[in-house]
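Asks: Handing you a structure now.
The values are calculated or read from the model by the stated rules, or taken from the named source; none is laboratory data. In this text, all values refer to a predicted model and were calculated from it rather than measured experimentally. Note that each Cβ is placed from the backbone with ideal geometry, even for glycine, and that neighbours are counted across all protein chains shown.
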Amino acid sequence: MIRSTRLIRQFFANGLQIEMEYRGEFLISALNSLLAFVSGFVVLYAVFHNVSELGGWAFEEGLILFGVFLIIEGYIAMFLQPNLSRLSEYIRLGTMDFILLKPISSQFFVSFRFINIWAFPSIVLGSGLVIYGMWALDVLSPLGMARFLLLLCPALMIVYAVWCILNTTAFWWTQVENINLIFRTFFEAGRFPVTAYPRWLQVVLTAVVPVAFMTTFPAQAAFSQIGVSTSVISWIVGIFALFVSHAFWRYALSKYASASS
């Protein structure tokens, strides 16, 4: 764990040095994050302008949910997209052979080698929305933030595991962009509370594609006393998802044919 933390710091420092050579991208990324924030807020406002609540959620609660959605999007853009999306290229060009020779976990290296620091504005905007929503609902407190973070951690674990599993299929199918698009299609549903959808879709977004664990439950923990059972189940799902992603990675490696063979 300590070694992994040190490597993350080193990766971040290296990424910062590289990205600082392209400072203009910061402005572009910040503008994109702002546009995503504005467009999402407009949609949210338009929905709540016509209804007093959505799936039992008030407007301020919807703001918190949208904030969580932006945090997860920033997390994907900052860590997962610039790393796991390169896996198919590693396999196609034979770079994977050199990665396997490194004295660290190949899954860890492939997952966190590059860090897109310009995606940070999305995380900042999302965090600001969460804090503002909690303040507007008069629930902003250290305990409330602790409940929120307690559910956000397994959400990040689940998002990582799903992205890792989907991109690990590159060991068999070198082009996985369409698979990632399918995930993003389902993830877009996380902009709104799962309870706003039909019952059958609620089941899909909770048990099949765990969008509820990624956005709805962390947001709900920020403004209400979420049940202990939900918190425990979220952590069980998060840990199990990580286990499955690692097991699938090891299985894929066992089937990997070196480019030099």
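Asks: Name the single residue that is farthest from V42 (Cα to Cα) among those in the range 182-219 being hydroxyl-bearing (S, T, Y) and assigned to a helix (DSSP H, G or I).
Replies: The extreme case among them is T206.
Asks: Let me ask you something else. Identify the residue in the range 146-166 that is in contact (Cβ under 8 Å) with a residue 12 or more places away in the chain and within 9 Å of A221 (Cβ to Cβ) and, among all such residues, is nearest to the chain's Cα centre (by Cα).
Replies: Per the criteria, the residue is L152.
Asks: For the range 121-152, what are the residues that are part of a helix (DSSP H, G or I) and small (G, A, S)?
Replies: S122, G126, S127, G128, G133, A136, G144, A146
Asks: Which residues, taken from the range 85-113, are among the aliphatic types (A, V, I, L, M) and either part of a helix (DSSP H, G or I) or surrounded by 15 or more Cβ atoms within 10 Å (Cβ to Cβ) (or both)?
Replies: Correct list: L87, I91, L93, M96, I99, L100, L101, V110.
Asks: When you look at V139, is it of a type in the set (V, I, T), farther than 24 Å from V43 by Cα and in contact with a helix residue (DSSP H, G or I) (Cβ under 9 Å, 6 or more places away or on another chain), yes or no?
Replies: Criteria met by V139.
Asks: With respect to A155, is the statement that it is buried (at least 20 other Cβ atoms within 10 Å of the Cβ) and not in a loop (DSSP other than H, G, I, E, B) true?
Replies: yes
Asks: Return the only residue of W135, W172 being in contact (Cβ under 8 Å) with a residue 12 or more places away in the chain, among the aromatic types (F, W, Y), exposed (fewer than 15 other Cβ atoms within 10 Å of the Cβ) and out of contact with any Pro (no Cβ under 7 Å at 6 or more places or on another chain).
Replies: That would be W172, the only listed residue that is in contact (Cβ under 8 Å) with a residue 12 or more places away in the chain, among the aromatic types (F, W, Y), exposed (fewer than 15 other Cβ atoms within 10 Å of the Cβ) and out of contact with any Pro (no Cβ under 7 Å at 6 or more places or on another chain).
Asks: Tell me, yes or no, whether the range 40-61 has at least one residue that is surrounded by 13 or more Cβ atoms within 10 Å (Cβ to Cβ), modelled with pLDDT under 75 and not polar (S, T, N, Q).
Replies: No: the range 40-61 contains no residue that is surrounded by 13 or more Cβ atoms within 10 Å (Cβ to Cβ), modelled with pLDDT under 75 and not polar (S, T, N, Q).
Asks: Give the residue, chosen from F114, F98, F120, that is over 22 Å from W235 (Cβ atoms) and free of Cβ contacts under 8 Å to residues at least 12 places away in the same chain. Can you show your working first?
Replies: On the way: F114 fails: free of Cβ contacts under 8 Å to residues at least 12 places away in the same chain; F120 fails: free of Cβ contacts under 8 Å to residues at least 12 places away in the same chain.
The match here is F98.
Asks: I've got another one for you. Identify, by number, the condition in (1) within 30 Å of F48 (Cα to Cα); (2) aromatic (F, W, Y); (3) modelled with pLDDT of 95 or more that F223 doesn't meet.
Replies: F223 satisfies every listed condition except (3).
Asks: For the range 220-261, how many residues meet the condition of being more than 17 Å from the chain's Cα centre (by Cα), small (G, A, S) and in a helix (DSSP H, G or I)?
Replies: 7
Asks: Report the residue count in the range 175-194 for those that are of a type outside the set (D, E, K, R) and either surrounded by fewer than 16 Cβ atoms within 10 Å (Cβ to Cβ) or free of Cβ contacts under 8 Å to residues at least 60 places away in the same chain (or both).
Replies: Count: 9.
Asks: Turning to a different aspect of this structure: Under the condition of being of a type outside the set (A, V, I, L, M, F, W, C) and in contact (Cβ under 8 Å) with a residue 60 or more places away in the chain, which residue from the range 74-95 is farthest from K255 (Cα to Cα)? If you could, list the steps in order and put the result at the bottom.
Replies: First pass over the range 74-95, keeping only residues of a type outside the set (A, V, I, L, M, F, W, C): 74-75, 81-83, 85-86, 88-90, 92, 94-95.
If we keep only those that are in contact (Cβ under 8 Å) with a residue 60 or more places away in the chain too, we end up with 75, 85, 88, 92, 94.
Working: Y75: 30, S85: 20, S88: 15, R92: 15, G94: 15 Å.
Only one residue fits best here, namely Y75.
Asks: Restrict the check to the range 186-204 and report whether at least one residue is under 28 Å from L129 (Cβ atoms), modelled with pLDDT of 95 or more and aliphatic (A, V, I, L, M).
Replies: no
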